[in-house]
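Structure first, then comments.
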Amino acid sequence: MGFSIIRRAILMALLAGLTGPAVHAADGQLSEAEPLIRPAGDTSLDSFLWTHRPIVVLADSPADPRFADQIEMLEAEIERLAERDVVVLTDTDPSVLSPIREQLRPRGFQLVVIAKDGTIIARKPFPSSVREITRTIDKQPARQREVEERRGVNFGN
């Protein structure tokens, strides 16, 4: 059991070093400026309004197996998240009341998916697959509009 926690902590450290792709705010293209998966720190969710869909992964410790599993799932399909203008914010220190932790008030592990307009569209106390997360995002009117615009369909004409 102890070995598994240590192994997960090492995996998390390796994943943190490999998390290179990022979403460019204007067009959803990958950029090396900021990693797609990054610590929340002092970031405010308001800074992503209308540009990104934040996915917030909160836990009481980076050694929480649910946290490690969730990050592993997100990392495995990071391109699908980038296509949807997602930014993943992590917070594993409940002793520091970050703006995001204060706003979302998690208890233990929590996955929160937020729309571009700032609306919480999913809140889960357990890890979720990227498929489930992207289905939740794809049901949103703003995302459907984005898909149609990329296909060249004009709204209102």
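The values are calculated or read from the model by the stated rules, or taken from the named source; none is laboratory data. What you see is a predicted model, and the numbers here were worked out from it, not measured in a lab. Note that each Cβ is placed from the backbone with ideal geometry, even for glycine, and that neighbours are counted across all protein chains shown. We work out accessible area using only protein heavy atoms, side chains counted, and drop any ligands, DNA or RNA first. Shrake-Rupley method; radii C 1.70, N 1.55, O 1.52, S 1.80 Å.
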By accessible area (1.4 Å), largest first, Asp138, Asp117 order as Asp117, Asp138
Per residue, how many Å² of accessible area does region 48-105 show with a 1.4 Å probe? 42 Å²
Measuring from label point to label point, each 7 Å out along Cα→Cβ, what is the Ala33 to Arg151 span in nm? 3.0 nm
How high is the FRET efficiency from Ala63 to Ile120, r the C-beta distance, R0 22 Å, rounded to 0.05? 0.25
Using packing as a proxy for protection, rank 90-103, 72-85 so that the peptide with the highest average count of other Cβ atoms within 10 Å comes first. 72-85, 90-103
